[in-house]
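Take a look at the structure set out below.
The values are calculated or read from the model by the stated rules, or taken from the named source; none is laboratory data. Computed from a prediction, not measured in an experiment: that's the story for all the values here. Note that each Cβ is placed from the backbone with ideal geometry, even for glycine, and that neighbours are counted across all protein chains shown. Please note that ligands, DNA and RNA were not included when accessible areas were found on the heavy atoms of the full protein model with its side chains. Shrake-Rupley method; radii C 1.70, N 1.55, O 1.52, S 1.80 Å.
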Amino acid sequence: MSTKSRTRKLTGIGFLALFMGCLFALVFLPTPYVIERPGPVFDVLGKDNGTQVITIEDAKSYPTTGRLDVLTVSVAGNREDTPSWAELAMAWLDPAQAVVPLDVMFPANVSTSQVNAESTAMMEESQQDAIAAALTKLGYTVPWHVYVSEVTKGGASSGKLVAADFVIKINGIDVKDIDQMRSVINKQALLGPLKVEVLRNGAKAVETITALKDKDGKYRLGILAGYKYDFPVKVKLELGDVGGPSGGMMFALGIIDKLTPGYLNGGKYVAGTGTITASGVVGPIGGIRQKLYGAYDQGAKYFLAPAENCDEVVGNIPGDLKVFSVAKLTDALNVLSKVSAGADLSKLPTCKTK
C-alpha cells in the first residue's frame, strides 16, 4: 500500500472515529437540560379515570355541557435521566416544546421526589383557593385561617412551630391574612423576639421566636403559610396525579358552572390556565406556550390566558386559537358570557405586542 493510500485510510478512520464519538455523545452522554412538552388535558366539567373532576354536596348543582379544559406541561428528563442531545435538538426545532436548564426545573439541592411533593402540595392549595374564589363570587361567606404548611429545617421556627398550626396572633396583633402577617413580622421583629400565638390541636400555645433576616433584608419566621377555609358548600376536586397551581382559574369556573343554571361556556370548547387567589385574582403560570399548543391540538377554540403571561403568548398562538387576556375571575366570566351568547368578541382584551 502506498504512503498516500495509507494516509487516506488513516484519515478516513479518524473521521469515522470522530463521527462515532459525536454520535455516542448525542445519544448517551448526559445533558444539563430537560424538555417541556404539552401534557395531558383535563375537562373540569367531565371525568378523570371514571371519576367526576368536580363533585358538589350540600347545594343544588346543574348539568353542564361543552368543555372547560385544564392544561398541563410534561417534563422529559430529571437529574437521574436527562434527554439526549439528539432529543434536545429536535425539541429546539419544535415550537410546542421548550428546552429548560436542568437546574431551573430541578435545583441541585432538591431531589426529584421533593420537587414532585411540592408540586402536589401546590395543586392542593390551588384547589382550595379555587373553591374559595368560586363560592365567594357566588355570594357565599367563606371564613379562612392562616396556617403553617411547612417549617423550614434550621429556620427561626424550627422546634417551635409545627405544620398544621393555625397562626392567631403575633405580639398580640390579630393575623388577618398572609400579606398582613408578613408586614407585622417585619415591623415587630425590629423590637425583638416575637410572641407567636397559634392554635394547635384545638389548644392555644404561645411560642417566642426570633425572626431571621433573609438575603433581601426581610424578617422571616422560616415557615410556609397557607389558608384553611371553612366552606359552606362541600366541593370535592379529583384530578389524578396532576401537580402545580396553574389549574386554579379553570377549577373556579367549573365550580361556578355547576352551581349555576345554564351553560357558562354555551356548550363551546374553552381551555385556559392561571393561578387564582380567594379574592379572584388570576396569576401567571409557567409553560404557557406548551399549554397553548396542547389546547389547540385537542381542538379548543378559545383560550383564557393570564394577563401577566401576555409577553409569552404574543407570537406563540397556534392556528386559529382565540386567546383572551384575563386578570381576574370576573374577566374570565365576561369572556365566557360573550362566547356563550355568540356575541362580538373583537373588543375583549387580548395579548398584544407592546
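Once backbone amide H atoms are built at 1.01 Å from N, Thr72 has Gly39 as its partners under 5 Å, excluding neighbours fewer than 5 places away on the same chain.
For the range 271-349, the square roots a ≥ b ≥ c of the C-alpha gyration tensor eigenvalues yield an a/c of 1.5 or more together with a/b not exceeding b/c, which makes the shape oblate. Ranking Asp58, Asp174 by solvent-accessible area of protein heavy atoms (1.4 Å probe, all protein chains present), from largest to smallest, gives Asp58, Asp174. Here the 3J(HN,Hα) profile of the range 232-241, calculated from phi with Karplus coefficients 6.51, -1.76 and 1.60 at θ = phi - 60°, is x, 10, 7, 10, 10, 10, 10, 8, x, 9 Hz, Gly and Pro shown as x.
Phi angles across the range 262-267 convert, under the Karplus curve 6.51 cos²θ - 1.76 cosθ + 1.60 with θ = phi - 60°, into 3J(HN,Hα) values of x, 10, 4, 9, x, x Hz, Gly and Pro given as x. Computed from Cα atoms, the angle from the helix 112-137 axis to the main principal axis of the chain rounds to 40 degrees. For Asp165, the residues whose amide H sits under 5 Å from its own are Val148, ignoring neighbours fewer than 5 places away on the same chain, with H placed 1.01 Å from N. The HN-Hα couplings worked out from phi for the range 37-44 by the Karplus form 6.51 cos²θ - 1.76 cosθ + 1.60 (θ = phi - 60°) are 10, x, x, x, 10, 10, 8, 5 Hz, whole numbers, x standing for Gly and Pro.
The helix-only estimate of mean residue ellipticity at 222 nm for the chain, built from DSSP H runs of length n ≥ 4 each weighted as -39500 (n - 2.57), is -10500 deg cm²/dmol after division by the residue total. For the range 77-168, the relative contact order comes to 16 percent (Cα pairs under 8 Å, sequence separation of at least 6). When Glu36, Glu57 are compared by accessible area at a 1.4 angstrom probe, the order from most to least is Glu57, Glu36. On full extension, the segment bounded by Thr141 and Thr112 gains 6.5 nm, given 0.36 nm per residue less the C-alpha separation. Extension gain for Val104-Val242 works out to 47.7 nm (0.36 nm per residue, less the C-alpha to C-alpha distance).
Let me check against my output: what whole-number percent is the relative contact order of the chain, with C-alpha pairs under 8 Å and at least 6 apart?
21 percent
Just for the chain, what percent of DSSP beta bridges are antiparallel, to the closest 5?
Antiparallel bridges make up about 80 percent of those DSSP assigns within the chain.
Summing Lys and Arg as +1 and Asp and Glu as -1 over all other residues whose Cβ lies under 12 Å from the Cβ of Val282 gives a net charge of -2.
Given a 1.4 angstrom probe, I'd like the percentage of the accessible area of the chain that is carbon and sulfur, rounded to a whole number. Using a 1.4 Å probe with all protein chains present, the chain comes out at 54 percent carbon and sulfur.
For Lys328, the residues 5 or more places off, or on other chains, whose built amide H falls under 5 Å of its own are Val282. Remark: the chain carries 53 Å² of accessible area per residue (probe radius 1.4 Å; ligands, DNA and RNA excluded). For the chain, the spread of Cα coordinates along the three principal axes comes to 95, 59, 44 Å, biggest extent given first. By the equivalent-ellipsoid construction on the alpha carbon gyration tensor, the range 203-257 comes out with semi-axes of 34, 18, 10 Å, ordered largest to smallest.
Between the range 122-150 and the range 320-345, the C-alpha centres lie 24 angstrom from each other. The relative contact order of the range 165-246, computed from alpha carbon pairs under 8 Å that lie at least 6 residues apart in sequence, is 23 percent.
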